[in-house]
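The values are calculated or read from the model by the stated rules, or taken from the named source; none is laboratory data. This one's a predicted model, so the numbers in the text were calculated from it and none came from an experiment. Heads up, the Cβs are rebuilt from the backbone with ideal geometry, glycines too, and the neighbour counts pull from every protein chain shown. To get the accessible areas, we keep the full protein, side chains included, count just its heavy atoms, and leave off ligands, DNA and RNA. Shrake-Rupley method; radii C 1.70, N 1.55, O 1.52, S 1.80 Å.
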Amino acid sequence: MAQFKTKHGYEGLLIVIEGTDGSGKSTQLQLLKKSIQAQSYGVIISEWKTSRLIANVIDDAKERNLLNATTYSLLYAADFADRLENTIIPALKSGFIVLLDRYYYTALARDVVRGQDIDWVKNLYDYAPEPDLIFYLDMPVDVLLKRIIGTTGLNYYESGRDVGFSSDFYKSFEIYQNKCLEQYEKMKSTYNFISIDGTKSIDEIHSIMNFEVQKILDSGVLY
Ligand code: ADP
């Protein structure tokens, strides 16, 4: 196991990849996991909205379009709390390197776009440990649209249709994602995001991330 001098005080490392849907987060997380594991570190990946307690409730509510802005925020915050308590913190205490697909910055962007007060959202997450590294995959909406249409297609909530920006799926996606990007833009300097151009190739992005991760790994104490 390794021990690191961390911002949150736990022995493991907390590394976050943020960005909109389709920006390449899970692709990069898998690559990072491989390169870190190859050096014999313990690594886990934890994705947004995957708690055993609440993820199914959110999926069911989304399928039936039952969420309003407040229940949307609160259910996602409950999902986060469950994962933090049962997965993320235990792994950090055991010296694991925890790779996260999105962190509370996602909630800050999406909830604010849905009309929540930013301080109210920040309070929901104010107990969350501060990550050691935050990568942000910066993607313009036009490139994102092409990628999403070519893979998963447009999704009701990811297009912000619940907010009522436009009844046209395509237009709604554009407006909603642009508003989310504006929020991410504001967070870049506040939270020290390492912002990476998401339109670069998979390999180029991986080497940038790997370089930053390696700097921290090299500073850790192995025992
Ligand atoms: P996310 O986890 O952010 O939703 P994914 O990693 O699932 O995004 O990537 C979405 C799609 O884009 C996948 O088909 C993936 O292969 C592709 N992709 C990921 N990164 C890149 C990249 N840098 N350039 C081109 N396509 C990419």
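Of the residues D142, D126, D138, only one is among the acidic types (D, E), within 16 Å of the ligand (Cβ to nearest atom) and either modelled with pLDDT of 95 or more or within 30 Å of T6 (Cβ to Cβ) (or both); which? Explain how you work it out, then say what you get.
Numbers: D142 fails: either modelled with pLDDT of 95 or more or within 30 Å of T6 (Cβ to Cβ) (or both); D126 fails: within 16 Å of the ligand (Cβ to nearest atom).
Criteria check complete, one pass: D138.
Among the residues of region 182-223, how many are within 15 Å of the ligand (Cβ to nearest atom), out of contact with any helix residue (DSSP H, G or I) (no Cβ under 7 Å at 6 or more places or on another chain) and hydrophobic (A, V, I, L, M, F, W, C)?
Residues flagged as within 15 Å of the ligand (Cβ to nearest atom), out of contact with any helix residue (DSSP H, G or I) (no Cβ under 7 Å at 6 or more places or on another chain) and hydrophobic (A, V, I, L, M, F, W, C) within region 182-223 amount to 1.
From the list L154, L99, which one is within 14 Å of the ligand (Cβ to nearest atom), aliphatic (A, V, I, L, M) and open to solvent by less than 10 Å² (accessible area, probe 1.4 Å)? Quick ask: steps written out before the conclusion?
Numbers: L154 fails: open to solvent by less than 10 Å² (accessible area, probe 1.4 Å).
Testing whether each residue is within 14 Å of the ligand (Cβ to nearest atom), aliphatic (A, V, I, L, M) and open to solvent by less than 10 Å² (accessible area, probe 1.4 Å) leaves just L99.
With (1) crowded, with 22+ Cβ neighbours inside 10 Å; (2) out of contact with any Phe, Trp or Tyr (no Cβ under 6 Å at 6 or more places or on another chain); (3) not aromatic (F, W, Y) as the list, and N123 as the residue in question, which single condition is left unmet?
For N123, the failing item is (1).
Quick check: anything in region 13-22 touching a residue at least 12 places away in the same chain (Cβ under 8 Å) and away from the ligand (no atom under 16 Å from the Cβ)?
Among the residues of region 13-22, at least one is touching a residue at least 12 places away in the same chain (Cβ under 8 Å) and away from the ligand (no atom under 16 Å from the Cβ), which makes the answer yes.
Give L92, L84, L108 a once-over and let me know the one that is within 24 Å of S189 (Cβ to Cβ) and in contact (Cβ under 8 Å) with a residue 40 or more places away in the chain. Write out each step before concluding.
On the way: L92 fails: within 24 Å of S189 (Cβ to Cβ); L84 fails: within 24 Å of S189 (Cβ to Cβ).
L108 is the lone residue from the list that is within 24 Å of S189 (Cβ to Cβ) and in contact (Cβ under 8 Å) with a residue 40 or more places away in the chain.
Scan (1) crowded, with 18+ Cβ neighbours inside 10 Å; (2) farther than 30 Å from L145 by Cα; (3) of a type outside the set (S, T, N, Q) for the single condition P90 breaks and write down its number.
(1)
Output the residues belonging to region 23-47 that are within 12 Å of the ligand (Cβ to nearest atom), within 15 Å of the chain's Cα centre (by Cα) and open to solvent by 30 Å² or more (accessible area, probe 1.4 Å).
Matches in region 23-47: S26, T27, Q30, I45, E47.
Tell me which of these W120 doesn't satisfy, since it passes every other one: (1) at pLDDT 95 or above; (2) under 17 Å from the mean Cα position of the chain (by Cα).
So the condition that W120 fails would be (2).
Would you mention how many residues in region 166-223 are surrounded by fewer than 16 Cβ atoms within 10 Å (Cβ to Cβ), modelled with pLDDT under 95 and either of a type in the set (A, V, I, L, M) or under 17 Å from G24 (Cβ atoms) (or both)?
Residues flagged as surrounded by fewer than 16 Cβ atoms within 10 Å (Cβ to Cβ), modelled with pLDDT under 95 and either of a type in the set (A, V, I, L, M) or under 17 Å from G24 (Cβ atoms) (or both) within region 166-223 amount to 2.
As an exercise: evaluate E63 against (1) under 16 Å from the mean Cα position of the chain (by Cα); (2) farther than 25 Å from N192 by Cα and give the number of the one condition it does not meet.
Among (1) under 16 Å from the mean Cα position of the chain (by Cα); (2) farther than 25 Å from N192 by Cα, E63 violates only (1).
Quick check on K179: is it of a type in the set (K, R) and closer than 18 Å to T106 by Cβ? Spell out how you get there, then give the answer.
Working: of a type in the set (K, R): yes; closer than 18 Å to T106 by Cβ: yes.
Yes; evaluated as a whole, the condition is true for this residue.
Consider T71 against the criteria (1) within 16 Å of the ligand (Cβ to nearest atom); (2) open to solvent by 10 Å² or more (accessible area, probe 1.4 Å): it satisfies all of them except one. Which criterion is unmet?
(1)
Of the residues in region 126-149, how many are farther than 19 Å from T20 by Cα, open to solvent by less than 80 Å² (accessible area, probe 1.4 Å) and out of contact with any strand residue (DSSP E or B) (no Cβ under 9 Å at 6 or more places or on another chain)? Spell out the reasoning first.
Within region 126-149, the first condition is being farther than 19 Å from T20 by Cα, and the residues that meet it are 126-130, 132.
Narrowing further to those that are open to solvent by less than 80 Å² (accessible area, probe 1.4 Å): 128-129, 132.
Filter once more, keeping what is out of contact with any strand residue (DSSP E or B) (no Cβ under 9 Å at 6 or more places or on another chain): 128.
The qualifying residues number 1.
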